[in-house]
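Visitor: Sharing a structure with you now.
The values are calculated or read from the model by the stated rules, or taken from the named source; none is laboratory data. All values derive from a computational prediction rather than experimental measurement. Please note: Cβ atoms are built from the backbone with ideal geometry, for glycine as well, and neighbour counts cover all protein chains shown.
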Amino acid sequence: MKEFVELNQPEELNNETEIIEWLKQNPWLDNFINSKSPSVELNRALENNELIEYPELTKLTETPEDPTYHGEKNTWAHTLLVLDEVEKITNREKLSTKDTIIIKLGALCHDLGKPLVTKIENGKVTAYQHEEAGESLAFSLLNKINTPKTITESIIPLVKEHLFPILNPNPSNQAIKKLLTRLGKTTVDQLLLITEADQKGRLNSGFDQTALDSFKKSVKKYFIESQRVVIKPLLSGQDLINLGYKAGSEIGVLLKKINNAQKEGLIKNKREAINYINLTKD
């Protein structure tokens, strides 16, 4: 995926060997991370009392969900569905070992705040500000399983911001700038994967890609305008000459037109760029 990778990112602090050794310290965690059916593995761990030392997780089984948005009976059931979606996503995106762990643990922790804030009033279930409430509980859980600092630093922002792309499909540049500050070392790509899994991990999902696509477009435009990423031109001046256009000022005008269309997401590859130029010729 990696649509929004910034330039000059710091080097990784933990190699795969260190990460694997860390996982082996907690058998249930190792089994969960490496399972192709994470929901089955976590339920097994719950039933075998392997999670008894982690009330951050077990309390999810006692926390109801709003049937308007969730067909699941409680937050634990929702979390399991989200984790199964994450498994599909990590395979689709071919993520590294470290990124896979960040996304899986991010999904595991994303709704830990709900037991603290969930209320039932007039038959309606609410969990306002559960994202912020989950920060301390995520820290607590990650500390108990001795999570390396560099991984924890990537997970906490995912917990706090996992609803942002859905609630803000058309963020302003200022809102994006503030979000990037809050994300720290966490990438926008990682946030989008968690948000996607959270929205799909519901029995009555009705997942709509529109909001995420709109958010991606806004962030991509911001990154390009602020020169945080390098945009590779779809066509060169020589390409246009080969297509029959005369060398000169016209080439520069056409290249600018193509570049603007690319920034706006109207064209994504060379063939689309050629068709765009042909369709917009004066």
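Visitor: Select from the stretch 104-149 the residues that are closer than 20 Å to Leu191 by Cα and of a type in the set (Asp, Glu) and list them in ascending order.
Guide: Within the stretch 104-149, Asp111, Glu131, Glu132, Glu135 qualify.
Visitor: Moving on. Out of everything in the stretch 140-152 that is touching a helix residue (DSSP H, G or I) at 6+ places or on another chain (Cβ under 7 Å) and not β-branched (Val, Ile, Thr), what residue ends up being surrounded by the fewest Cβ atoms within 10 Å (Cβ to Cβ)?
Guide: Across the stretch 140-152, the extreme among qualifying residues is Asn146.
Visitor: Here are the criteria: (1) surrounded by fewer than 16 Cβ atoms within 10 Å (Cβ to Cβ); (2) closer than 16 Å to Asp198 by Cα. Tell me which single one Glu62 does not satisfy.
Guide: With respect to (1) surrounded by fewer than 16 Cβ atoms within 10 Å (Cβ to Cβ); (2) closer than 16 Å to Asp198 by Cα, Glu62 is out only on (2).
Visitor: Test each condition in (1) in contact with a Leu (Cβ under 8 Å, 6 or more places away or on another chain); (2) over 28 Å from Ile101 (Cα atoms); (3) of a type in the set (A, V, I, L, M, F, W, C) for Leu234 and report the one that comes out false.
Guide: (1)
Visitor: Also, I was wondering about something else. Select the helices (runs of 4 or more DSSP H) contained entirely in the stretch 5-120, then report the ones holding at least 3 residues which are farther than 24 Å from Pro157 by Cβ. Give the steps one after another, and end with the answer.
Guide: Details: elements: 16-23, 27-34, 38-47, 55-58, 75-93, 97-109, 114-117.
Answer list for the stretch 5-120: 16-23, 27-34, 38-47.
Visitor: Please verify whether the stretch 258-276 includes one or more residues that are surrounded by 11 or more Cβ atoms within 10 Å (Cβ to Cβ), in contact (Cβ under 8 Å) with a residue 40 or more places away in the chain and either among the hydrophobic types (A, V, I, L, M, F, W, C) or touching a helix residue (DSSP H, G or I) at 6+ places or on another chain (Cβ under 6 Å) (or both).
Guide: Yes, the conditions are met somewhere in the stretch 258-276.
Visitor: Follow-up question, since we're still on this one. Just checking, does the stretch 88-111 include any residue being over 15 Å from the mean Cα position of the chain (by Cα), among the hydroxyl-bearing types (Ser, Thr, Tyr) and over 17 Å from Asp30 (Cα atoms)?
Guide: The first filter runs over the stretch 88-111 and keeps only residues over 15 Å from the mean Cα position of the chain (by Cα), leaving 97.
In the following step, the residues that additionally are among the hydroxyl-bearing types (Ser, Thr, Tyr) were identified as 97.
Of the ones still in play, those that are also over 17 Å from Asp30 (Cα atoms) are none.
Within the stretch 88-111 (the criterion being over 15 Å from the mean Cα position of the chain (by Cα), among the hydroxyl-bearing types (Ser, Thr, Tyr) and over 17 Å from Asp30 (Cα atoms)), the answer is no, since none of the residues qualifies.
Visitor: Test each condition in (1) over 23 Å from the mean Cα position of the chain (by Cα); (2) modelled with pLDDT under 95 for Glu3 and report the one that comes out false.
Guide: (1)
Visitor: Which residue pairs have Cβ atoms under 8 Å apart, sit 6 or more places apart or on different chains, and have a first residue in the stretch 39-53 that is crowded, with 17+ Cβ neighbours inside 10 Å and a second that is polar (S, T, N, Q) and in a loop (DSSP other than H, G, I, E, B)?
Guide: Taking only residues 6 or more apart or on different chains, the pairs are Glu41/Ser35.
Visitor: Among the listed residues Ile166, Ile155, which satisfies the condition of being in a helix (DSSP H, G or I), surrounded by fewer than 21 Cβ atoms within 10 Å (Cβ to Cβ), touching a helix residue (DSSP H, G or I) at 6+ places or on another chain (Cβ under 8 Å) and not hydroxyl-bearing (Ser, Thr, Tyr)?
Guide: On the way: Ile155 fails: surrounded by fewer than 21 Cβ atoms within 10 Å (Cβ to Cβ).
None of the other options fit; the residue is Ile166.
Visitor: Could you please give the count of residues in the stretch 27-50 that are closer than 20 Å to Leu137 by Cβ and in contact with a Phe, Trp or Tyr (Cβ under 7 Å, 6 or more places away or on another chain)?
Guide: Within the stretch 27-50, residues that are closer than 20 Å to Leu137 by Cβ and in contact with a Phe, Trp or Tyr (Cβ under 7 Å, 6 or more places away or on another chain) number 4.
Visitor: Of all residues in the stretch 193-218, how many are surrounded by fewer than 21 Cβ atoms within 10 Å (Cβ to Cβ) and either of a type in the set (A, V, I, L, M, F, W, C) or in contact with a Cys (Cβ under 6 Å, 6 or more places away or on another chain) (or both)?
Guide: Number satisfying all stated conditions: 4.
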